[in-house]
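Chemist: One structure follows; several queries about it will come next.
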Amino acid sequence: MSPDEGEVRASYSFCLQDPESPSTGEKNKRSVGPRKLLSSEIGGWGYARFVSKADLAASGCLKDDCLVIKCTVEVSEFIDNYARLNEGQIIVPPSNLGTHLGYLLESGLKADLTVKIGSSTSLRGPRRKAKSFKVHACLLGARSPVFRAQLGGSMKESKQSSICIKDMDAKVFEALIHYMYTDCLPDFMEETTKEATSMAQHLLVVADRYAVERLKLMCASKLSNAIDADSVCFTLDLAQQYNCQQLKDCCLKYMAKDRHRLRDIKKTKGFEQLQKNHPLIVCDILDEVIGKM
């Protein structure tokens, strides 16, 4: 595939491969995509912190000082247009609805609602000044049953041209409406960074609040790929509080997989806080450990 032939978009993933169980032994998986990949502009993609030494030692994938890393690349939108045209086939391009709706959000064209975000807390630093967003009430109502009730029902907000949400950070709301218009996460959330993980945590809470279920699952998936010994207790607390069963299962499996890892996790402040918030969660951890025996 030559970059001169047009845009190439691909999804890719990395994972540790257990040599003794190649069909099922995929661990520490990290996935990204689909993304635009142009060799003339980008030298490469990857993960600076793919796996810690402690997690690598506990994974069971290091055999005789050898390590197998499986890389999967799937080209999703590469079409040999010239070959198909020569064969007389009609080429249907992929949907660009998200791009068009994203333009509506960016331009504010025909926006009929102003949402003022005044945060009592922020992701970083002191409280930020309130920020306003021009949106389309019908689109928010179509994407969220909670917004639909607020903006299209008998509630006070349905009769106003502006509403105020005080208990939310502006960056989180911006990510929420970006998803509502484009059906995608913001580009920076595709990276494996602390900022992306932090946003996924906050966005999961907001997605639960406004009943945007697919977004909630996308955030849960993002967090499941970022689980490590330092974050697993906080992630499990979040999963328990907001009823994310699949994310909870991922956390429990991570904790129960290695007794040395679990022993280290029990010494963290996160585990202490987890016990205070959800005392019965210890029973779930024990059940998972027993199931591994």
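The values are calculated or read from the model by the stated rules, or taken from the named source; none is laboratory data. Please read all numbers here as calculations on a predicted model, not as lab measurements. Note: ideal-geometry Cβ built from the backbone for every residue, glycine included; neighbour counts use all protein chains shown.
Chemist: Inside segment 254-270, can you point out the residues that are part of a helix (DSSP H, G or I) and over 10 Å from A229 (Cβ atoms)?
Modeler: So in segment 254-270, the residues part of a helix (DSSP H, G or I) come out as 254-256, 259-266, 269-270.
Hits for segment 254-270 are A256, R259, H260, R263, K266, K269.
Chemist: From K116, K110, grab the single residue that is surrounded by 10 or more Cβ atoms within 10 Å (Cβ to Cβ), at pLDDT 85 or above and either touching a strand residue (DSSP E or B) at 6+ places or on another chain (Cβ under 6 Å) or not in a helix (DSSP H, G or I) (or both). First the steps, then the outcome.
Modeler: Numbers: K110 fails: surrounded by 10 or more Cβ atoms within 10 Å (Cβ to Cβ).
Answer to the check: K116.
Chemist: Only one of (1) within 23 Å of G118 (Cβ to Cβ); (2) free of Cβ contacts under 8 Å to residues at least 40 places away in the same chain; (3) in contact with a helix residue (DSSP H, G or I) (Cβ under 6 Å, 6 or more places away or on another chain) is not met by K222, so which one is it?
Modeler: (1)
Chemist: Between a residue in segment 241-260 that is within 16 Å of N277 (Cβ to Cβ) and any residue that is small (G, A, S), which pairs come within a Cβ distance under 7 Å, given they are 6 or more apart or on different chains?
Modeler: From segment 241-260, the pairs are C244/A220; L247/A220; L247/S224; L247/A239; K248/A239; C251/A239.
Chemist: So which residues in segment 158-183 are among the acidic types (D, E) and either touching a Lys or Arg at 6+ places or on another chain (Cβ under 6 Å) or buried (at least 19 other Cβ atoms within 10 Å of the Cβ) (or both), if there are any at all? Before the answer, list the steps.
Modeler: Let us first name the residues in segment 158-183 that are among the acidic types (D, E), namely 167, 169, 174, 183.
Correct list: D169 only.
Chemist: Can you pull out the residues in segment 196-210 that are part of a helix (DSSP H, G or I) and over 16 Å from D228 (Cα atoms)?
Modeler: So the first thing to find is which residues in segment 196-210 are part of a helix (DSSP H, G or I), and the list is 196-209.
Listed by number, the residues that qualify are M199, H202, L203, L204, V205, V206, A207, D208, R209.
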